[in-house]
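Everything on this sheet refers to the single structure shown next.
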Amino acid sequence: MSERREHDEFVEAVLSGEKDPADPKVIRFLADNPEVARRVRELSELADQLDEAGREQRATLAESRELEPAEEQVAVANGLRELIANGSARAPSRAAPEPLKGQRLSLLLFAAAILAVLPFAWNAFLVAPSGDSGPSDVMLGSNPFELEVVRGEESSPSGLRWSFPLSSGGWFSLVVTDPSAGAETPTLYDIPRYTGHEWKPSEHLPSVIRVELEALDASGEIERAWAGELSVPD
Amino acid sequence: MTRTIESHSTQTRHDGDLQLVQQVLIGDDASIVVFVERMQCVPAILAAQNRRMGHPLSVHDLSDVVQESLTKVWKKLDGYAGRAALETWTYRFCFLELMNGIRKKRRWSDSAQPESELEELASPHVPRAVEFEFLHRGLEAVGPPEADVVRLKHFEELTFSEIGERLGVSANTAKTQYYRGLAKLRDRIDSRTGGVVQ
């Protein structure tokens, strides 16, 4: 067995609980193999974070089961029935289904009628601060990032470059969408954390892209944000 | 042509949910009624998530996120394999759409926005949720079977024997997939952040 494989199996055994990290033999092995010790530490920290995310998920699901929705049932029912009936929201790689027999038209009419009152129905159920409605859809102002499209070399896709001083521990959030798709506006790339100042897509971009770029500090607070459409050179 | 779900022979503890989804995908009316009823969990989960984060989204914003979440669930439905309860499987789509909704709302923060709304967006719970979002998105990218094992271990607190039973593999295989899943997730985090995950 190679040393690498032996180390992998050791780390796997510690993470899965087969080996006790407090066992003197384990402690000695880790002391003699700092790279293995680093791997165990990193993955154990990740496991702890996953445990925390799991606790949050279970607590949220338990809390959601205690809520007793009323009016929103109609909204959900019709939102879903509309999806099922018109089939427009299916993944493009999948085959489209047949419309539901004899139900399509009536469902669509029913859904349209209910969707018209959907926002009012929601107000009766959701617990949230009162009196706040969403802001209108506005484009942000000037470009604080000095963002530019960088022409790719031959057979290489064009990318983006920006200059903005990221604060210590901060990161960028980058979302690239295709505005030509109308209301659907499919997300081409959604990169929640990125610390570089230049980005290359894995595939060629459409001729016009919508870019949403945010700079966040170490605590996740947004420092600056910019959104707009950019032309991509051929 | 109807949508079909990939067949698999592994035993699950949620065969009833899987059967329901399969029937929905072939357009069975009675199953659709039941499915719609089960999907009442979507607004409830989102309301609970929003509340636990300190209400970063308003009622109006949240109703949009409900529709986005339902759309995502419907798009992904043929990927449901019955490894978790339908509501648990739905959770991550709701969570990720909620985070998208929060991010979308934050993008307006440079424009004229009432001071009170900015305070809501600065809720101390949101940065913690960003960390969870990073893990959920990372697991989406890692994909099955490793991501399934990691989710069953940490989100559903199953033992490796139970995971093996759920996935139709031995406990030892589940352990190996778990280790690979963690390693892949860690590598993704490293490549994105230089190893920084608070």
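No value in this document is a laboratory result; all are computed from the given coordinates. If you're wondering where the values come from, they're calculated on a predicted model, not measured in any experiment. No Cβ is skipped: glycine too gets one built from the backbone with ideal geometry, and neighbour counts run over all protein chains shown.
A prolate overall shape is assigned to the stretch A:1-66, the ratio a/c of its alpha-carbon gyration tensor axes (a ≥ b ≥ c) being 1.5 or greater and a/b exceeding b/c.
The HN-Hα couplings worked out from phi for the stretch A:8-13 by the Karplus form 6.51 cos²θ - 1.76 cosθ + 1.60 (θ = phi - 60°) are 4, 5, 5, 4, 4, 5 Hz, whole numbers, x standing for Gly and Pro. Mean per-residue shielding of peptide B:97-106 is 3, counting Cβ atoms of other chains within 10 Å of each Cβ. Separation of the stretch A:1-27 from the stretch B:13-28 is 41 Å, based on Cα centroids.
Using θ = phi - 60° in the Karplus curve 6.51 cos²θ - 1.76 cosθ + 1.60, the 3J(HN,Hα) couplings for the stretch A:150-167 round to 9, 5, x, 6, 3, 6, 10, x, 5, x, 10, 9, 8, 10, 7, x, 6, 6 Hz; x is entered for Gly and Pro. Among the residues of B:143-151, the average count of other protein chain beta-carbon atoms within 10 Å of the residue beta-carbon is 1. Each label point was placed 7 Å from the Cα along the Cα-to-Cβ direction; for A:ARG224 and A:ARG5 their separation is 5.2 nm. Across peptide A:195-204, the mean count of Cβ atoms from other chains lying within 10 Å of each residue's own Cβ comes to 1. Over 28 Å between Cα atoms: which of A:LYS200/B:LYS184; B:LYS75/B:LYS175; A:LYS200/B:LYS175; B:LYS72/B:LYS184 fall into that group? Violating the 28 Å limit, Cα to Cα: B:LYS75/B:LYS175; A:LYS200/B:LYS175.
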